[in-house]
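Presented below is the structure to which this report refers.
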Amino acid sequence: MPNRLADEKSPYLLQHAHNPVDWWPWSDAAFAEAERRGVSVFLSIGYATCHWCHVMEEESFEDTEAARALNRAFVCVKVDREERPDVDGIYMAAALALHGSGGWPLTALLVPETRQPFYVATYLPKRSRGRRIGVMELCERVTDLWQEKRAEVRESAEQVAGAIGDVLSAAEPGEAITEADLTRAVGQFERRFDPSNGGFGSQPKFPTPHNLLFLLRQTRRTGEPRPAEMAVRTLRAIARGGITDHAGGGVHRYSTDRRWLLPHFEKMLYDQAGLAMAWTEAWHLTGDPEMREAAEHTLDYVVRDLQQDHGGLASAEDADSLDAHGRREEGAFYVWTEAEIAEIIGEEALPFVRAALGTTPEGNYRDEATRQRTGASVLHLPDDPARLGDALGRTEAEVLARRREILDRLFRARNVRPRPLLDDKILTDWNGLAIAALATAARVFSREDYAAAAHRAAEFVLTHLHRPDGSLLHRWRDGEAAVPGFLDDYAFLALGLTDLYAATDEARYLGLAMDLHRQTRERFEAPEGGYYLSEPDPGLIVRQRALDDGALPSGHAIACLNGLRLGVLAGEPEWEASTRRALASDARLRAHPSGHTAHLLAAQIALGPAVEIVIAPGEGEDTLREALREVYAPGAVFLRATPEVAALVPFTASQTARDGLATAYICENGACQAPTTDPTEAPRTLAETVSGTRP
């Protein structure tokens, strides 16, 4: 019989709808039931494409004995962390405070009257294993503890809640981020940089694209090559590693090893968006064709496999799928034995495949849990095509063509395998980030198909998740829009619409971005500066500020970026003042700058130059725009001087074409230099402006 989750829309909750565990969704009714029964709450948080969430479900939540124990000891509550990042953020902060680490599935035991946690863990097996307590033993111990020492449990929970509040809501006022802080962040990355493999630290390795964007932009600001060298080395390693799906495009969640070879196989929309932006900017800075190829291969996957018929972009694809024997295995869709490859392309091709795609007869893939070889290989690019060509007696072009031919054949053959689960819910914030990536690539690469995909995604969000009063909802699935929007929804969508305007010249998008930033300030701005993650909610034990970057850039930081980019355009000086207060609202931003690189992206604009490029339409406009497009000007806002734009951006009203020719105005904070119609002079002026070298 289905439990209460059967009425939900979240794919993650629906995965658990037929568990024998008597699950409740997060609701006042669940906590009231726990009070009525005199038991505590077992809170389990995860997401639909999480491998270890599947493992815990199979071991404990689908097990009748474990389910009986859970139902007897607790009221059990399930939360999709992607639907409720506010709930997840609070209890993940508890895990970090108590243990110094966290992850999913996240398990928390709560006092029902206060919702304060008194125990937090991650994955739990059914029975205790080593130092990790099992679900059965946990139920027994907590039942006794709750009956015999409830007052002590409540006191402990209050202490944990106090620690969470100190971390999530309290802010020690700081000072404005300085040029020295940007330099310090580069030094912190330098000390952690892995020169052999790219990336920072040892293992596991996460892409964290906003770190790479900061480094690329820092080279553009200062002319110092080292920041971009670290970023490009990392981006090249990701593009060549097993973390990239070479057959089908897209990037997996993270690498379990330091070489970027062995991935955790889920594919998240936000990773595709962030890395596509980083690869696009790396190409813009360096002209390296490998960077462009990686960006386009990733965005082609997004459009082909994640964009739904209605235009919205699905959230993720699972790590797990069914193998040839009908068993659910992580990575089954993506890995290959050499026997499978030989069946598709012939035994004689295996030497080339080994050299070009890194397979081995015994397989290079190791199971994450057992670390044992499975006999299968993760495809990757172990050598530079030119060196590989020399070794094989072929030209680089021949190597690339043959590799592409083999990958295309493997891709077609793979399509008959059972696909991983598609988490098809549409999230406003993740779609906003992807719209920004698609729109930026559309403008930089002159890809109208990417602009069209971004347009379709934006129109879906604006139709289904944007309410008449200007507010946003966070999630749409199966015809239902729900969950009041969070700071990230407003900030990321405003970012995406600003970039979509630059790619399409549709002034409506710019106006909507400005309105979303107004809404951001009205709904989330704290009196002392900065932004809260959510609007007030009596069901949460703290109204949190989420300043730290994670897999995604901090919504707080992107709101600051929007305030700086849009404030000048809208003629709203208070937006810039508000942003500067936010950037100085917490001393932690300067204490560890490399942990807050999304804020450093905003600080780079705050420290200047903040650039606007205005083109007054006239004869030769396409030539002038193409010349300006070639300049890497990160953070700049591109405008086309039309009456519709002048109604939104007052300073463009006087910027007209000279002698009927398209005219460029290069501006800093709304103050513009002498106009030019020369497609040679205009990009030179822009390049000097963004690098601070203009006389």
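The values are calculated or read from the model by the stated rules, or taken from the named source; none is laboratory data. Since the model is a prediction, treat every value here as computed from it, not as a measurement. Note: ideal-geometry Cβ built from the backbone for every residue, glycine included; neighbour counts use all protein chains shown. All accessible areas refer to the heavy atoms of the entire protein, side chains included, with ligands and DNA or RNA removed. Shrake-Rupley method; radii C 1.70, N 1.55, O 1.52, S 1.80 Å.
Heavy-atom accessible area of T463 with all protein chains present, probe 1.4 Å, nearest 10 Å²?
90
Counting only heavy atoms of protein chains, what accessible area per residue, in Å², does the stretch 42-171 have with a probe of 1.4 Å?
On the way: 5170 Å² over 130 residues.
With all protein chains present, the stretch 42-171 gives 40 Å² per residue.
What dipole magnitude, in Debye to the nearest 20, does the chain give about its Cα centre under +1 on Lys/Arg Cβ and -1 on Asp/Glu Cβ?
In total the dipole reaches around 1200 debye.
Quick check: at a probe of 1.4 Å, how many percent of the accessible area of the stretch 25-68 sits on carbon and sulfur atoms?
43
What ratio of Cα Rg to 2.2 N^0.38 Å holds for the stretch 437-519?
1.07
Using a 1.4 Å probe over the heavy atoms of the protein chains, calculate the carbon and sulfur portion of the accessible area of the stretch 453-508 as a whole percent.
Carbon plus sulfur share of accessible area: 48 percent.
Placing +1 at every Lys and Arg Cβ and -1 at every Asp and Glu Cβ, with all other atoms neutral, what dipole size does the stretch 420-477 have around its Cα centre, in debye to the nearest 20? The partial results should precede the final answer.
Numbers: 7 positive and 7 negative charges, 10 e Å.
Dipole of the stretch 420-477, to the nearest 20 debye: 40 debye.
Report the longest stretch of the chain that contains none of the trypsin sites (Lys or Arg not before Pro) sitting in a DSSP loop with at most 13 other Cβ atoms within 10 Å. Before the final figure, lay out each step's value.
Working: sites that count: R131, K149, R327, R371.
With trypsin sites (Lys or Arg not before Pro) excluded where exposed in loops, the chain gives 372-695 as its longest stretch.
Projected onto the charge dipole of the stretch 1-141 (+1 at Lys/Arg Cβ, -1 at Asp/Glu Cβ, origin at the Cα centre), which of Q15, L124, W104 gives the Cα projection farthest towards the positive end?
Positive-most Cα among the choices belongs to L124.
Got a sec? Charge dipole of the chain, +1 on Cβ for Lys and Arg, -1 for Asp and Glu; which of W283, C667, L427 is way out at the positive end?
The residue sitting most towards the positive pole is W283.
Whole-Hz Karplus ³J(HN,Hα) for the stretch 482-492, in order, using 6.51 cos²θ - 1.76 cosθ + 1.60 and θ = phi - 60°, x for Gly and Pro?
Coupling constants for the stretch 482-492: 7, 6, x, x, 9, 3, 4, 4, 5, 5, 5 Hz.
Any lysines with Cα under 22 Å of the K126 Cα? List them, leaving off those in the same chain fewer than 8 positions away.
Partners found: K78.
Over 47 Å apart: what share of the alpha carbon pairs of the chain falls there, rounded to a whole percent? Show your work: numbers first, answer last.
On the way: 45189 of 241165 pairs.
Summing the P(r) of the chain above 47 Å gives 19 percent of all pairs.
If I compute solvent accessible area with a 1.4 Å probe over the protein chains, what percent of it on the stretch 121-248 is carbon and sulfur?
Values: 2870 of 5970 Å².
Whole-percent figure for carbon plus sulfur exposure: 48.
So what is the 222 nm mean residue ellipticity for the chain from helices alone, if each DSSP H run of at least 4 adds -39500 (n - 2.57) and you divide by all residues, rounding to the nearest 500 deg cm²/dmol?
-15000 deg cm²/dmol
Using each residue's phi in the stretch 237-249, evaluate 6.51 cos²θ - 1.76 cosθ + 1.60 at θ = phi - 60° and report the 3J(HN,Hα) Karplus result to the nearest Hz, with x for Gly and Pro.
Rounded to whole hertz, the list is 5, 5, 5, 9, x, x, 5, 8, 7, 6, 7, x, x.
With a 1.4 Å probe and every protein chain left in place, work out the accessible area per residue of the stretch 369-454 in Å², rounded to a whole number.
43
Kindly point out, ordered by number, any Cys in the chain whose beta-carbon has no other cysteine beta-carbon under 4.7 Å away.
Those would be C76, C139, C560, since no other cysteine Cβ in the chain comes under 4.7 Å of theirs.
Would you be so kind as to identify which of A507, V302, L381 lies farthest towards the positive end of the dipole of the chain, taking Lys and Arg as +1 and Asp and Glu as -1 on Cβ and the Cα centre as origin?
Going by the Cα projections, it comes out as L381.
With all protein chains present, calculate the accessible area of W476 using a 1.4 Å probe and round the result to the nearest 10 Å².
Ignoring ligands and nucleic acids, W476 comes out at about 40 Å².
Just to confirm, what accessible area per residue do you get for the stretch 554-695 at 1.4 Å probe, in whole Å²?
Numbers: 5170 Å² over 142 residues.
Per residue, the stretch 554-695 has 36 Å² of solvent-accessible surface.
Around S40, which amide H atoms from residues at least 5 apart in sequence, or from another chain, sit under 5 Å from its own amide H, with H modelled in the peptide plane?
V75
Charges at C-beta only: +1 for Lys and Arg, -1 for Asp and Glu. How large is the resulting dipole of the stretch 284-428 about its Cα centre, in Debye rounded to 20? Walk me through the numbers on the way to the answer.
Values: 19 positive and 30 negative charges, 34 e Å.
Roughly 160 debye for the stretch 284-428.
Can you pull out the GluC sites (Glu not before Pro) in the stretch 154-218 that DSSP calls coil and that have at most 12 other Cβ atoms within 10 Å?
Filter output for the stretch 154-218: E175.
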